[in-house]
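A short write-up of the structure that comes next.
The values are calculated or read from the model by the stated rules, or taken from the named source; none is laboratory data. Keep in mind that what you see is a predicted model, and the values were worked out from it rather than measured. So basically every Cβ, Gly included, is an ideal-geometry build from the backbone, and we count neighbours across all protein chains shown.
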Amino acid sequence: MKMKMKNDKHVEKCKSCFDFFNEVFRNIEDYESMFSRSERMLLKASEAMKWNFNESDFPERPNTIFLEDNQIYLLVPYLSANDTKNGCQRSFDNFFMLLSPDSFAKNKRMGRQVVVSDIRNRANSPIDNYRPGLRWVKFGVYRQEDLDNNSDYTNLIKRKAGLEMLVFLYYYMDRFKYFTKYFGQFPIEGYHYYTSANKLTDYLAYVYKDDDSDKPAIEMMLSQEVHTNCLFLVDDLI
């Protein structure tokens, strides 16, 4: 498996991140199918992972397809806990297996695990305010410089996308080439690697394109080596 490493061109690409959704959603028909795609892909994932969701479980769709140019709606299953994992970890592991089974198997062979950062004072811990349930969210991409210079964003966005990024990539696997075109690779916020010795490391999980298969893969990168000037952010509708 060949790993695509970071270079300065990836940072340059992020400057045009607002163009990303314009390529993923090329016309009004793509936006109109946004809801049905989320629902169809969620049922596919549910069948594969034995979640037992059906159409009667779907929350009401948002009443408009029109959002900011850098946002879409995404139907996300925030799973409940089971006997061995909290809901946040279970949700991530399930979508990790769906999105990149080879990466998941590799981690298992090497005794590594990607874990949710459950340390409360760690920045952007996904376990904070985690609420199980099936719901629509606003999923968007933003330039860091815009976030730094525009206080209005802070009133609109609740948290960085971690699990939601995997959900998006699974639902839109056929458009993954646009993700790599604009971002190359991207950290999965709030998830770190544990070693076989059950020790939390300074390695973040990140997603990139496996050059052998052209499909998403997930690997580890030192947190200080992760550089991007774009963020994927999530806003709950409720």
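Please indicate, with yes or no, whether at least one residue in the range 43-59 is under 24 Å from Val141 (Cα atoms) and of a type in the set (Lys, Arg). The answer is no, given that none of the residues of the range 43-59 is under 24 Å from Val141 (Cα atoms) and of a type in the set (Lys, Arg). Restricting the range 132-180 to residues that are at pLDDT 85 or above, in a helix (DSSP H, G or I) and in contact with a helix residue (DSSP H, G or I) (Cβ under 7 Å, 6 or more places away or on another chain) leaves a set whose member that is surrounded by the most Cβ atoms within 10 Å (Cβ to Cβ) is Val167.
Go through the residues of the range 25-40 one by one and say whether even a single one is under 21 Å from Tyr191 (Cβ atoms) and at pLDDT 85 or above. No, there is no match, as no residue in the range 25-40 is under 21 Å from Tyr191 (Cβ atoms) and at pLDDT 85 or above.
Looking at the structure I just gave you, is Phe183 in contact with a Lys or Arg (Cβ under 8 Å, 6 or more places away or on another chain) and at pLDDT below 80? Yes; evaluated as a whole, the condition is true for this residue. State the number of residues belonging to the range 50-101 that are in contact (Cβ under 8 Å) with a residue 40 or more places away in the chain, surrounded by fewer than 16 Cβ atoms within 10 Å (Cβ to Cβ) and among the hydroxyl-bearing types (Ser, Thr, Tyr). Result for the range 50-101: 1. Scanning the range 157-181 for residues that are touching a strand residue (DSSP E or B) at 6+ places or on another chain (Cβ under 7 Å) and either charged (D, E, K, R) or more than 17 Å from Ile218 (Cα to Cα) (or both) yields Ile157, Lys158, Arg159, Lys160, Glu164. Ala123 falls short of the stated requirement of being at pLDDT 80 or above, more than 15 Å from the chain's Cα centre (by Cα) and assigned to a loop (DSSP other than H, G, I, E, B). Take the range 57-97 and flag every residue that is among the polar types (S, T, N, Q), within 27 Å of Tyr208 (Cβ to Cβ) and touching a helix residue (DSSP H, G or I) at 6+ places or on another chain (Cβ under 9 Å). Answer for the range 57-97, where residues must be among the polar types (S, T, N, Q), within 27 Å of Tyr208 (Cβ to Cβ) and touching a helix residue (DSSP H, G or I) at 6+ places or on another chain (Cβ under 9 Å): Asn70, Gln71, Ser91, Asn94.
What do you reckon, is Ile65 aliphatic (A, V, I, L, M), at pLDDT below 90 and more than 26 Å from Phe25 (Cα to Cα)? Spelling it out, it is not the case that Ile65 is aliphatic (A, V, I, L, M), at pLDDT below 90 and more than 26 Å from Phe25 (Cα to Cα).
Taking the range 201-238 as the range and being at pLDDT below 75, farther than 11 Å from Ile188 by Cα and out of contact with any His (no Cβ under 9 Å at 6 or more places or on another chain) as the test, the residues that pass are Leu222, Gln224, Glu225, Asn229, Cys230, Leu237, Ile238.
Out of the range 56-86, which residues are under 24 Å from Met173 (Cβ atoms) and assigned to a helix (DSSP H, G or I)? Selection gives Asp57 alone.
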